[in-house]
Amino acid sequence: MYDVAIIGAGINGCSVAYEFIKEGKRVLLLDKEGIASGGSGAAGAFISPKFSKAGELKELLQEAFVYSYDFYDKNFPLTFTKAQLVHIAKEEADDAGLDVYKQSAPLPLQNIPLDLYSQLSAEAKKRESVSIDAGVVDAQKVCSDMSCGATFVQEKAETLVFDDEYWVINESYSAKNVVLATGAYDMLIKEPYIKLRGVWGHRIDVTTTTQNCCSVHQHVSISPSKNGKIAIGATHNVHYHPEKNQEAYNAEQGRAELLKKASQTMQLENVKVIKDYTGLRSGSFDYLPMIGSLVLSSETLLTCKGSLHTKKPDYSEYVYYPNLFMINGSGGYGFVLAPYLAKILTEHILHGKNISERISPARFFARWAKKR
C-alpha cells in the first residue's frame, strides 16, 4: 500500500515524488518507458522566466523561476549549472515587448559578455535583448535524483479503479492518492473538459570548437559549453505528434532546422551532431498549467445544474474524484514550473492548502459546462 501513486515519470511526476518522499511518504512511480524518457528527457531544461508584457502566465513563471532556481541550487547542485541567460527578440515586432520588460524588470539585468557579443550574427545584434542570471538543469539526471526513494515500476498504467477508499492500478498496486502526470498522452481518466495540446520537442547535443559562455535564446535555445558540448533545442518551432502524424518524425530534417536557426543567432564552428533527443510535451489551451483535483463531470452536471451558467462559478460546489489529482500542461516551461507546482500540489494533498483557481483543472470544466 502506497501513500501516493504517480503515473508519469517526467519532471512533473518526479518533482511530486520528491516532495512526498521528503514528507516521509511511500511513493510509487510508474512510467511505461522510464524516468525522463519522453518530453522531459528531450528538454533543454533551461531555468528561465517569461520575457513578455504583463499577464497571468508571466506572473506565474516569475514566481516559479525564483523558487525553482533556488530549489535546484540548494537540493540538486550537481545537476544545475548556473549560467547567464541572454534572450534576444526574434524579429522587429518583438523588440518593443523586451524593451517594456527591461523598464520594469523584477530581476537584476546583466550586460551581454563581450565574448558572446562578438559571436552573435549581425541580425541578432540588431534586435533588442535582455540578460539575467539563470541556469540549466541536466534533465535526465535531475529526474532520476528526484525520484530516488520512490518505488519505480516501468509499466504502462492500463487500469485505474477506486475500490474501498483506495485506488488500484493494473489490479496490482494500491494507493491512497493518485497523481496523473502523464503529459500529452492518455490520462486513464476520460473527462471531456480535459484537453491538452501536444508540443513536439527536439534537442541535439553537438560538439563545436566555439566556446559559448551563456544560455542564448532566440529562434532556438543554445546552451553554454560544457565538456566540449553544446545543446541546441526547440519546443514551439518543431511540430510533430507521434499519435496524429502518419509518417515517422524526420530527425535529419529536424537537425538541419535546428542548426539553421541556431546560425541565425550565432556562428558555431566545426559542428558535429552527436545525439538526438525527441519527445512530446503538453500544454493547455489557455497556456496555464493544470494542477489539483479532477472534477467528476457527470455527477457535477446533475448536482450543480442550476449554477453552471453563473458568471463566477463556485468550484467548491463541484463533485471531484476522491483523492485523484493531476499536474500537467506546462508546455515548454516544465523544468521551471515543476518544482514550484509540485510543492503546491503536495501541500494541498497532505495539508489541505488551497490551490489558486487560475491553475485548477476545474476552470476548464466551468468553461466546458457553460457551452453545453
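The values are calculated or read from the model by the stated rules, or taken from the named source; none is laboratory data. Values in this document were obtained by computation on a predicted structure and should not be read as measured data. Quick reminder, even Gly has a Cβ in these numbers, built from the backbone with ideal geometry, and neighbours come from all protein chains shown. When the accessible area is computed, the model is the full protein with side chains, heavy atoms only, and any ligands, DNA or RNA have been set aside. Shrake-Rupley method; radii C 1.70, N 1.55, O 1.52, S 1.80 Å.
Table for the structure above
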read-out: Long-range neighbours under 9 Å by Cβ, at least six apart or interchain, first residue under 12 Å from Thr209 (Cα atoms) within the range 222-233, second surrounded by 15 or more Cβ atoms within 10 Å (Cβ to Cβ) and among the charged types (D, E, K, R); value: Lys229/Asp205; Ile230/Asp205
read-out: Cross-chain or 6+ apart pairs with Cβ under 7 Å, the range 8-23 first and within 18 Å of Glu155 (Cβ to Cβ) and in contact (Cβ under 8 Å) with a residue 12 or more places away in the chain, then assigned to a loop (DSSP other than H, G, I, E, B) and of a type in the set (S, T, N, Q); value: Gly8/Thr182; Ala9/Ser147; Gly10/Ser40; Cys14/Ser147; Ala17/Ser147
read-out: Subset of the range 31-62 [outside any loop (DSSP other than H, G, I, E, B) and open to solvent by less than 30 Å² (accessible area, probe 1.4 Å)]; value: Asp31, Ile47, Leu60, Leu61
read-out: Residues (out of contact with any strand residue (DSSP E or B) (no Cβ under 9 Å at 6 or more places or on another chain) and loosely packed, with under 15 Cβ neighbours inside 10 Å) located in the range 71-96; value: Lys74, Pro77, Leu78, Glu91, Glu92, Ala93, Ala96
read-out: Condition met for Tyr101 (open to solvent by 40 Å² or more (accessible area, probe 1.4 Å) and aromatic (Phe, Trp, Tyr)); value: no
read-out: Residues of the range 250-278 that turn out to be surrounded by fewer than 16 Cβ atoms within 10 Å (Cβ to Cβ) and among the basic types (Lys, Arg), as a count; value: 3
read-out: Pairs, first farther than 15 Å from His87 by Cβ in the range 119-130, second open to solvent by less than 30 Å² (accessible area, probe 1.4 Å) and part of a strand (DSSP E or B), C-beta under 6 Å, six or more apart; value: Gln119/Met266
read-out: Neighbours by Cβ (under 9 Å, 6+ apart or cross-chain): first from the range 358-371, farther than 19 Å from Gly283 by Cα; second assigned to a helix (DSSP H, G or I); value: Ala369/Ser297; Ala369/Thr300; Ala369/Leu301
read-out: Criterion: touching a Leu at 6+ places or on another chain (Cβ under 8 Å) and not in a strand (DSSP E or B) - qualifying residue of Leu294, Leu301, Leu324, Leu258; value: Leu301
read-out: Total residues in the range 124-174, condition in a strand (DSSP E or B), closer than 23 Å to Pro289 by Cβ and among the hydrophobic types (A, V, I, L, M, F, W, C); value: 7
read-out: Filtered residues of the range 72-123 (kept if outside any helix (DSSP H, G or I) and among the small types (Gly, Ala, Ser)); value: Ala83, Ala89, Ser104, Ala105, Ser121
read-out: Odd one out for Gly279 among (1) assigned to a loop (DSSP other than H, G, I, E, B); (2) modelled with pLDDT under 90; (3) not hydrophobic (A, V, I, L, M, F, W, C); value: (1)
read-out: Failed condition for Met187, given (1) part of a loop (DSSP other than H, G, I, E, B); (2) open to solvent by 20 Å² or more (accessible area, probe 1.4 Å); value: (2)
read-out: Failed criterion for Ser360 (all others in (1) modelled with pLDDT under 95; (2) open to solvent by 10 Å² or more (accessible area, probe 1.4 Å); (3) of a type in the set (Gly, Ala, Ser) hold); value: (1)
read-out: Verdict on Ser144 being hydroxyl-bearing (Ser, Thr, Tyr), at negative phi, surrounded by fewer than 14 Cβ atoms within 10 Å (Cβ to Cβ) and at pLDDT 95 or above; value: no
read-out: The range 195-215, residues that are in contact with a Ser or Thr (Cβ under 9 Å, 6 or more places away or on another chain) and in a loop (DSSP other than H, G, I, E, B); value: Lys195, Leu196, Thr208, Thr210, Gln211, Asn212, Cys213, Cys214
read-out: Qualifying residue in the range 94-109 (condition: of a type in the set (S, T, N, Q) and modelled with pLDDT of 95 or more); value: no
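To keep it simple, each residue is scored yes or no on (1) open to solvent by 50 Å² or more (accessible area, probe 1.4 Å); (2) in a loop (DSSP other than H, G, I, E, B).
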site: Gly334; (1), (2): no, no
site: Pro339; (1), (2): no, no
site: Thr346; (1), (2): no, no
site: Ile349; (1), (2): no, no
site: Asn354; (1), (2): yes, yes
site: Phe365; (1), (2): no, no
site: Trp368; (1), (2): yes, no
